[in-house]
Each structure stands twice: as C-alpha cells, then as structure tokens.
Amino acid sequence: MCNHSVPVYDMAWHLFSGLKCCDLLSHPHLRSYTWWQSLFSVGSLYPPFVYLIYGILKLLLGTKSWVDILVHSLFASVLFASICGLGSLIFKKASIGLLAAVIVLIYPQVFLFAHYDMLDMPGLAMVSLALFSFMWWRQKPSYYSAAALGIACSLGALTKNNSIAFIIGPLIASLGSSLLRKEWHRIKSLAIAALVSMIVILPWLIFGLQPMIKAVTNIEQQSYSAGCTHMFTFGDNLLYYISNLQSLFSPFLLSLFILAFFTASKSIHKHMFYLLLSATSGILLLSLFHWNPLSRYMLPAVIPVALYTASAGVGCLQKPRLHPLMYLLAALAGFAFIETNFAPYPLSELALPEKVKTFLGIPPARQGQYYALGGCSSYPMIPVDWGHDWVLQTIKPRINAINQTLAIMSNTEEVSAATYIYLAKRDHLALCVFTPRNWTMLGDDISFRPDVARSVTWYLLETKRSASQASHLSSKESENSYRLWCRFVRSSGYFHLIGTKSLPDDNRLELYQNISY
C-alpha cells in the first residue's frame, strides 16, 4: 500500500461496508451528499472506478490484504488479456499477442506500479481494454462492438484522468476518416458508442466533476500563494516526456523497440497506426497541461511499444540462425526482471557496474532502508517491525463502548495515518484513526486547536521526528503548530504515556492515552 493521506479504497469502505467514522475522519462529501451522490464523488481529485472495485470486493470478501492482491491481479489480468487480444486482432497471430503481454509486464514502471495502490496500473489496463475494443470495432463495426467500445472508453475515463488522452486520438481520427469516406454505418455505430459512454459516465459528471475541478483549482491557488508561479509550458512538458522514455522502458528494452520499429514492414506500420496515434497523441495532450509532468502519466505508451517488439521477436524466432540472439535478449530481460523484483530481498543483489544496471533498468540499491507496510520502493526490501502490531494490540484490550480515536502525528512511509486506518479496518477495530495534518501540494498543513487536541483518546508520536521540511510540513506556522500539539500531548496533564517502541531508524514510538478514558 502506497503512503497517501487515505488509501485509495478507504472512502469506498465508507460507502459499502457501513463502517462508521467520527467527525474528525468523515469525508466532507459523505456528510453533505446522499449515498448515491457519494458513490460517484468518493475522491475529489480522481474518478471513482477503482475506489468502487476495492469497496465492493472488501464488502463481499472481507478486509484482509489478500483482497488487495486480488484487485491488483484483476487489473493485471485485464492488461494481459487486452494485449493478447490486440496482438491477435492486428497481426492475426496469437503468439505475438502472448509475447507482447509478457513484454508489457516486464517493463520497469509497469511491474513497479503493479505493486502500488495507485491508479497508474489500473489506468493502463483500462486504456488497453479500450484500445482492444476500438480495434475490434474497427474490424467488425456493429451495435455490440460499439456498445463494448463505449463501455470500455467510459471505464477508462472513470479509472484515471489522463487515460482520456490516450483514447481520444484514435476515436477522432477514425471519425474523421469515416466522414471523408462517407462510411455512415461506422459513424452511426460510433455515435452509439458515444451515447453508451455518456450514459455510463454521466453520474460521475453530475456529482464528481465539480468537486474535482474545485480541488485542482485549490491546488493551483496554493502553489501560486506560496510563490510557485512557474507554469510548465507545452515545450517543457514534451521535452520531459521524450527525455524520460528510457525510464519508462529501460534503455535496453527501448533499444529493442527502436530496432523493431525501423525494421518493420509498411504493412505492420499500417496495422499499428491507431495504436501509435494513441501513444503520440496521448503524450502531446498530456504536454498541454501546466501541472508537473511525471513519467508514469505516459504509462499507456507501452502498449504499441510492446506490440512492435513482440512482432519483431516472433519474426526472429522463425529464423533459426537468430535463435541464439533471441535467447540472449530474453535472458537479459528475465535477469533484469528478477534482479529488480526479488533483490536485495529475498535474493542477494549481484554486484554489477552502475552503467549496466542503468542500461537494464535495475534501480540502484538503497543501503540501510527497510520495508514498511504502507511504504513505496522500486524493489523489495527486508521486512522489519515498525510497531504497527504493538500499537494496535496495546489499544485493543482498552477499547470499550465509547467511541475512541487515534491521532497519528507523523506522516512518513513507516508511520502514517493511512497505514493505521487500513490496519484498524482490516482487523475490525472500533477505532477511528485520523491525523490532524491536512495534505496540500506544498506539504501538510496543521493548526493547533486545544479543544480538538484534548478530545482525542489516543496519540501516537515519534521522539526524534522534529517539525521541519523533513516532516513534510508546508510552512513555519504549521511547524510551530506541530510542536505545540506534541508538547500539549506530552506535558498538558490530559494524557499519560502507555508505552514506547524502538524503531529500526533509531526513532521511538510513544503511545499516549487520554486520562478521561
């Protein structure tokens, strides 16, 4: 689980499982909307589809961590099946689709985000499904394929905002081509797809679009107020995306695509036109936005790259003299995958030159770092005890009929409210976990309120975690408020220390309980 202020499925739990939370944790949408409105506005910055999948499966199957793995596996399966289908539709060879699906899953940022509770992997899966539906509709236009296209496109848009950028280009190009050729049956079926897509997406447009626009506007205002007036231009963004293509694929795998692209026949380029258009138009559209560009935003660009590479690979396998070269390339790709996903834990890391690691896409090791539930890492790390079980097992026997709250004052990968919210709900504890820190683009805001601070049942503090930029606070005022709040807990007399727990980074957890409980 990645370290966010609230896990991506937390609000869905509120909607589906009936878990009640105190006012300190309640989402503003859930307080002011009906359940139907809340269903389509669970997150102010993101569309709701992934939230809903998590929430429904948590309701039906329980809150254990294997359900999270199931969600990851479902989206990975959609990606795998869609790429297989694209290969079969375009090249009429199932072997190309199968190889392309394998290649997609070994691209560094694809398997990286397959382990994160972020929207990038689901977004990639739904874009691939939308492109498969589009190619199916292109080859067999009908009411059924048009309806499937409309549903797939709408689900892509409801998964991650930037998915639309990689879907809209092929649709517009196909519409323009049909108008020029006066292919009225295609235009009619495309209109049906648009109607179906609008029906699916309409509830979110009604209830969720306006809060998202407000949230984006607030972020821009925060950045401007803090003096961050630099606006990323189209040229800045485009240059960034082009220069970071190698981090998306690794220089090794990108070089294989370049070789495959320039040796492909005109027939292959013709068949791949719409998928190439999806990648190029998607990157161009992303470059129009003024926010900070990130390489993961262009993750759907891996789809045509994998298909080109697979097409060339299958072609080489048909030539016996090239078999040794193909085996060598496959071994290098497999080695990079294993080294990145299984070292330095549980396998030992091999000592390789840094240039070799960079070429193969293997991230450099971070010495002295340990895995934390809720943390993010580009490779597996040794699991250690960060005190989560100690905290919850200490609180559990003291939970009674009175609503109790736990305030997490830190916000790090190792100690965060997001992780404790998840664990409390997983273990069905009647405990409302929250943090007084409010996330902003510039860091966390916190304002000391003695009345709120005194009403909390439990506090979790860290002894060496000072109020500084390292603590992700947004301003001097927030740093002072953080110090005041921690000092209030430790010395006001309203709370007493229950116990302490040493951590691997030489910090120490302090668990306080309100003397009134």
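Scanning segment 165-182 for residues that are free of Cβ contacts under 8 Å to residues at least 12 places away in the same chain and in contact with a helix residue (DSSP H, G or I) (Cβ under 8 Å, 6 or more places away or on another chain) turns up just one, 179.
Quick check, is residue 82 open to solvent by 20 Å² or more (accessible area, probe 1.4 Å) and assigned to a helix (DSSP H, G or I)? In short, no.
Is it true that residue 278 is under 15 Å from residue 164 (Cα atoms) and in contact with a Gly (Cβ under 6 Å, 6 or more places away or on another chain)? Here the answer is yes, as residue 278 does meet what is asked. Of all residues in segment 439-460, those that are in contact (Cβ under 8 Å) with a residue 24 or more places away in the chain have Cβ atoms under 6 Å from Cβ atoms of residues that are of a type in the set (Val, Ile, Thr) and open to solvent by 20 Å² or more (accessible area, probe 1.4 Å), 6 or more apart or on another chain, in 441/219.
Could you pull out every one of the helices (runs of 4 or more DSSP H) wholly within segment 409-509 that has 2 or more residues that are within 25 Å of residue 117 (Cα to Cα) and either among the aromatic types (Phe, Trp, Tyr) or touching a Gly at 6+ places or on another chain (Cβ under 7 Å) (or both)?
Of the helices (runs of 4 or more DSSP H) lying wholly inside segment 409-509, those with at least 2 residues that are within 25 Å of residue 117 (Cα to Cα) and either among the aromatic types (Phe, Trp, Tyr) or touching a Gly at 6+ places or on another chain (Cβ under 7 Å) (or both) span 417-426.
If we scan segment 81-89, do we find a residue that is closer than 21 Å to residue 253 by Cα and free of Cβ contacts under 8 Å to residues at least 24 places away in the same chain? Scanning segment 81-89, I find at least one residue that is closer than 21 Å to residue 253 by Cα and free of Cβ contacts under 8 Å to residues at least 24 places away in the same chain, so the answer is yes.
In contact with an Asp or Glu (Cβ under 7 Å, 6 or more places away or on another chain) and in contact (Cβ under 8 Å) with a residue 40 or more places away in the chain, is that true of residue 428? Taking the combined requirement at face value, the residue does not satisfy it.
Screening the candidates 178, 133 for the property of being more than 20 Å from residue 81 (Cβ to Cβ), hydroxyl-bearing (Ser, Thr, Tyr) and not in a loop (DSSP other than H, G, I, E, B) yields one hit, 178. Tell me whether segment 427-441 contains one or more residues that are under 19 Å from residue 481 (Cα atoms), of a type in the set (S, T, N, Q) and modelled with pLDDT under 90. Within segment 427-441, one or more residues are under 19 Å from residue 481 (Cα atoms), of a type in the set (S, T, N, Q) and modelled with pLDDT under 90. Here residue 454 meets the list (1) at pLDDT below 90; (2) over 29 Å from residue 59 (Cβ atoms); (3) among the basic types (Lys, Arg) almost entirely, failing just condition (1). A search for C-beta distances below 6 Å between a residue of segment 327-347 that is in contact (Cβ under 8 Å) with a residue 40 or more places away in the chain and any residue that is of a type outside the set (Ser, Thr, Tyr) and not in a loop (DSSP other than H, G, I, E, B), counting only pairs 6+ apart in sequence or on different chains, returns 333/106; 336/360; 337/106. Of the residues making up segment 436-457, those that are out of contact with any Ser or Thr (no Cβ under 7 Å at 6 or more places or on another chain) and closer than 14 Å to residue 404 by Cα are 452, 453, 454, 455. Scanning segment 175-210 for residues that are of a type outside the set (Val, Ile, Thr) and buried (at least 18 other Cβ atoms within 10 Å of the Cβ) turns up 178, 186, 189, 190, 193, 197, 204, 207, 208. Within segment 485-510, take every residue that is at pLDDT below 90 and farther than 13 Å from residue 410 by Cβ and give me the one that is most open to solvent (accessible area, probe 1.4 Å). Result: 506.
Table: residues versus (1) among the polar types (S, T, N, Q); (2) open to solvent by 60 Å² or more (accessible area, probe 1.4 Å); (3) at pLDDT below 95.
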position	(1), (2), (3)
225	yes, yes, yes
235	no, no, yes
243	yes, yes, yes
247	yes, no, yes
253	no, no, yes
267	yes, yes, yes
280	yes, yes, no
289	no, yes, yes
293	no, no, yes
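When residue 320 is tested against (1) in contact (Cβ under 8 Å) with a residue 24 or more places away in the chain; (2) surrounded by fewer than 19 Cβ atoms within 10 Å (Cβ to Cβ), exactly one condition is not met: (1).
Summed over segment 58-79, residues that are open to solvent by less than 40 Å² (accessible area, probe 1.4 Å) and farther than 22 Å from residue 299 by Cα total 4.
Among the residues of segment 414-428, those that are open to solvent by 30 Å² or more (accessible area, probe 1.4 Å), farther than 15 Å from residue 509 by Cβ and either in contact with a strand residue (DSSP E or B) (Cβ under 9 Å, 6 or more places away or on another chain) or of a type in the set (D, E, K, R) (or both) comprise 426, 427.
The values are calculated or read from the model by the stated rules, or taken from the named source; none is laboratory data. Model, not experiment: these values are computed from the prediction. Cβ: placed from backbone, ideal geometry, glycine included. Neighbour counts: every protein chain shown. Heads up: the accessible areas ignore ligands, DNA and RNA and are worked out on the full protein's heavy atoms, side chains in. Shrake-Rupley method; radii C 1.70, N 1.55, O 1.52, S 1.80 Å.
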